[in-house]
Structure formats: structure tokens, C-alpha cells
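*Asks:* I am attaching a structure below and will ask some questions about it afterwards.
The values are calculated or read from the model by the stated rules, or taken from the named source; none is laboratory data. Keep in mind that what you see is a predicted model, and the values were worked out from it rather than measured. Here the Cβ is made from the backbone with ideal geometry for all residues, glycine too, and neighbour counts use every protein chain on show. Protein only, heavy atoms only, side chains kept; ligands, DNA and RNA dropped before computing areas. Shrake-Rupley method; radii C 1.70, N 1.55, O 1.52, S 1.80 Å.
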Amino acid sequence: MSAETPAKKELAAIKGTKDILPGEVEVWQAVEAETRRLVELYGYRELRTPIIEPTELFEKGTGETSDIVTKEMYTFTDKGGRSITLRPEYTPSMARAILEHRLDLLPEPMRYYYIGPMFRYDKPQKGRYRQFHQLDIEVFNEKDPAIDAEIIEMADALLRTLGVEGTETLVNSVGCRACRPAYSRDLRSHAEKVRDRLCPDCRRKIATNPLRIFDCKVEGCREQAALFPKITATLCQECREHFARVCSYLDLYKVAYRVEPNLVRGLDYYTKTTFEIISGGLGAQNALLGGGRYDDMMKDFGGPDICGIGFAMGVERLISVLQIRPERKTVLYIAHMGDAGKRKGLELARFFRRNGVESLVEFGSKGFKAQFGRANKLGAAWVLVIGEDEIRKGLYQLKDMAAGTQTEGTPEDLLKIIQDKKI
RNA sequence: GUGGGUGUAGCUCAACUGGUUAGAGCAUCGGACUGUGGAUCCGAAGGUUGGGGGUUCAAGUCCCCUCACUCACCCCA
């Protein structure tokens, strides 16, 4: 079967997006199923929101000065003149849904999750796509530092249950509105004093985002940054105590982690705890998941003063470090001879499918030799043989392809053989 | 958005300093082989060499533009 029209390159998937084909999609399905199972053990419920939102939601939620909002959003005007944006992240949508439906008035704990596509107009590279997928986890109205630790422990448990190895968990506190401004001022004045020893990029960061100087890879900048004050040393009383409790609970869970005072998350809304789990083998985009606390978002939305905490995990990145590559094979292939054989095959396929056995019937008329060859290529575990003799007797041949053995019996007999072997 | 690298069949790769009709392996399809698979042999199909322009008697090969992929910066999942 040769393709009559070769795929035109002009009709390829757009830059930064990908098809997920059979052979790989099974990995996605397994990851999604395992993820749902695990987070529901922690009391999370799925909450789905639209892919499109009013642009304003992200301007207010993600932050007007963030890179995401200033240069990475897919924004357009719809026919009604509204400014619409394809969600670049999930947290603001989640917060919006909570307020819109007043879920904060329900007795259930507000623990939600979602797995789905996000959109950012970035330049694609390893582990970075324009349409990518995230697992998003959020908890609202839970001030206790125990939830900070539990959420990190859950992230750790999820990666373990999926078989991810060689990760490192980084935690930090970025303070709150009471103590962070003072720290930023402090940092700026320190950086200003050594301005001429910093790279051009970092000189610019002094004004825009001094915390980011810690991320610079230039040797001179790193030397200077090492001398800057640590945020962990200048936290206010409340933030310091909160962070100490988070760490002590993590110790209780025996989760391995490293306090990384230089860990700065890029989104503006974080307060107190931030964390990230990184993995080697991901190149420059090494964050498998990242998140933190955002105690002021709901209030900023004009809603009740309830706090939030959560994280997002990159599904593409996760899958790229997974070892598992499950493949789905055909179970039962039905080979036949003659028109009566074909009709009986179609009938029996229905019988087997109704009893939970995946079945494929050969539609063409080939010799048994060719049909067995085809079954073999499809990786069929079983082949049902229907010829004149079988139809006359009402007894069919079932071949176990791996063992090479063949059994005769009624459809019910043969079904039982397949079902027994499955267990 | 800024740099660097790479684009040849579905996949992995060939094609000497520019030189006839761009080849091979794997995969696909057909045959040897109309009552039983994996092997082997034979054959077929599959390409505007990512696209466009230029230099040249002659371009897969050199130059320019563009697109895509890729790595890093940046940002982040």
C-alpha cells in the first residue's frame, strides 16, 4: 500500500507542536493513569477549565511584568472584540474557577489537579515546546506548612512510582510582602556596589529582577553573587518559622532535599515556599516540576483572602526521562478461507470482542500462509483459524503464536483458553 | 528575541577536489508459497536532495534568502 500523496511539508504540524503517535501515546496513557491514581490517594479531585481565557486573567494572575505575559502568550481578538488568550499556565484558571463557583464555601478540602495542554510562544528547544502538557496541582485555603511538605512529598512519590531516578529536590523561601521588598532593596544596593564586575546581563537585572543574578553562569557574577546576602537570612519572623516547619516535616517524611537560597521562581506571585525538582539528562531545561505558595493571588483577584500552593510538572520532560516504552499488540487475529469462512470470522470477532478480547479479522482473501505472516507482524498472541472443516464441525482451531501449539474447540472453549492465559 | 550546528527515501546513512540516470541497509508491498508465522531468495514501489533564488558548461556539493530541527543564551514545565 504505497501512499498516493506524500505528506506535504507545508502541511506539517506547526513549529513547537507535536503529534503523539501510537507507540508513544501508550506511555502518555500510562503516565496519566498512574498520576491520577496517586494524586487521588492524597485527596485531589480533577478540575477542568477552558483552554481559552480572558487575557486579563493572566495579566492579573501570572503578572504583568513576567516574561510569560509580556512576550510569550498566544493572544487574539475574537469576533466579539474580546481579547482571548490560550492559557500559558494553569494556576490563574484554577483560582478563577474557585471564585466563580465559590468552591471555597464547600465543606471539601480544596485540592485539585488537572493534566492538559498549555501554550507559550517560546523558541522551541529540548524540553521546551509551544504546546506542551502539564500536570497541575493546587491546594487552597491551607496555611499550615504541613501542606507545603506534603505536596513536595507527593511530587517525590509520584516521580518514584513512575520510576524516575537521579532527581534533586530544591526548596527555598522567597519571603512575603512584608519581608521580600526589604531583601530586594538590600540585594540591589549590594549589586550596585560591584556593578562593574558583573556581566551586562546582570547589570540590567539589578534594576529589573536582582534575584535572577543568582542564576547567572558567568564566573565573575557567581563570585559576586556568593557574597550577596541570602534571602533565608533576612526572612521575617513568620516566614522564617513557616520555612523551618516545612523543612522539619520534610525530614519527617525522609524526603531528600537541598535548601537552595538561590532558587527563584520566575512567576511574580510566589510567596514563602518555592520548590523545584530537577533532573540531569534534560539539558538546559532541567526542571521536571516546580511550584510554590501564592498567598495573595485570591485577594488580588478581588476574592476572599485565601492562600494557595501548588506545582506544575512538565509531561514531555517527564516522559523524556522515563525508561518505560510499553507497546500494545494485537491479541487475537482471525484467519479464514472462503466466503463462508469470512462471514463466520466477522461473526466470531463480535463474540470475542463482547467478551473482552481485542480481535482483528482479515478483510482480504489471502492464503493461510500469508495470513499467519500478517498475524506474526502484528504481534498477535493468538490466531483463530476458520476454514471449511471448521465451519462444518462448528469447532475452530486456535493457535498460541508464542508456543506454536494449536487447540480445537467451540468459541466458548477457545475464549476460556484465552482468558485463562491472560491471568 | 540573540547566537552556533544540522537538513539526502518512512527510519539509519552513502555519493572523491562541483562531473552521466542520487545509492545501500532496515521497514513496506508483491512473488517463490491458495490449510499454518518468524528464515531465505527474487522483484516492485518509494526522492522536486527542506523550499526559493544565484554562481557555473555542469550544483546534493559553492553563495544568499527562507523554513524546519537541534544546542546554548534568555525563560521555564
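*Asks:* Could you please find all residues in the stretch A:346-371 being within 11 Å of RNA strand B (Cβ to nearest atom) and modelled with pLDDT of 95 or more?
*Replies:* Listed by number, the list is empty, since nothing qualifies.
*Asks:* Right, something else. Spot the failing condition for A:A340; the list is (1) more than 7 Å from RNA strand B (Cβ to nearest atom); (2) within 34 Å of the chain's Cα centre (by Cα), and only one is missed.
*Replies:* Tallying (1) more than 7 Å from RNA strand B (Cβ to nearest atom); (2) within 34 Å of the chain's Cα centre (by Cα), A:A340 fails exactly one: (2).
*Asks:* I'd like the full set of residues that are within 16 Å of RNA strand B (Cβ to nearest atom), assigned to a loop (DSSP other than H, G, I, E, B) and of a type in the set (D, E), limited to the stretch A:118-145.
*Replies:* A:D122
*Asks:* If you go through the stretch A:178-185 one residue at a time, do you hit one that is over 21 Å from A:H242 (Cβ atoms), under 17 Å from the mean Cα position of the chain (by Cα) and of a type in the set (K, R)? Spell out how you get there, then give the answer.
*Replies:* Initial filter on the stretch A:178-185 (over 21 Å from A:H242 (Cβ atoms)): A:185.
Imposing the further condition that a residue be under 17 Å from the mean Cα position of the chain (by Cα) reduces the set to none.
There is no residue in the stretch A:178-185 that is over 21 Å from A:H242 (Cβ atoms), under 17 Å from the mean Cα position of the chain (by Cα) and of a type in the set (K, R).
*Asks:* Working carefully through the options A:Y257, A:Y270, A:Y253, find the one that is under 14 Å from A:D148 (Cβ atoms) and surrounded by fewer than 18 Cβ atoms within 10 Å (Cβ to Cβ).
*Replies:* A:Y253
*Asks:* While we're here: Does A:R343 satisfy the condition of being surrounded by fewer than 17 Cβ atoms within 10 Å (Cβ to Cβ) and modelled with pLDDT of 95 or more?
*Replies:* no
*Asks:* Answer yes or no as to whether A:A375 is closer than 12 Å to A:I334 by Cα, part of a helix (DSSP H, G or I) and either free of Cβ contacts under 8 Å to residues at least 12 places away in the same chain or small (G, A, S) (or both).
*Replies:* Taking the combined requirement at face value, the residue satisfies it.
*Asks:* Sticking with this one: Limited to the stretch A:273-284, what total is found for residues that are touching a Lys or Arg at 6+ places or on another chain (Cβ under 9 Å) and either surrounded by fewer than 16 Cβ atoms within 10 Å (Cβ to Cβ) or among the small types (G, A, S) (or both)?
*Replies:* Total satisfying the criteria: 3.
*Asks:* Additional query: For the stretch A:378-407, which positions are in a loop (DSSP other than H, G, I, E, B), hydrophobic (A, V, I, L, M, F, W, C) and either touching a residue at least 12 places away in the same chain (Cβ under 8 Å) or within 6 Å of RNA strand B (Cβ to nearest atom) (or both)?
*Replies:* Matches in the stretch A:378-407: A:L378, A:A380, A:A381, A:L395, A:M401, A:A402.
*Asks:* Inspect all residues belonging to the stretch A:352-367 and state whether any of them is open to solvent by 20 Å² or more (accessible area, probe 1.4 Å), among the basic types (K, R) and in contact with an Asp or Glu (Cβ under 8 Å, 6 or more places away or on another chain).
*Replies:* No - not one qualifying residue is present in the stretch A:352-367.
*Asks:* Output yes when any residue across the stretch A:315-322 is more than 13 Å from RNA strand B (Cβ to nearest atom), over 30 Å from A:L99 (Cα atoms) and in contact (Cβ under 8 Å) with a residue 12 or more places away in the chain, and no when none is.
*Replies:* yes
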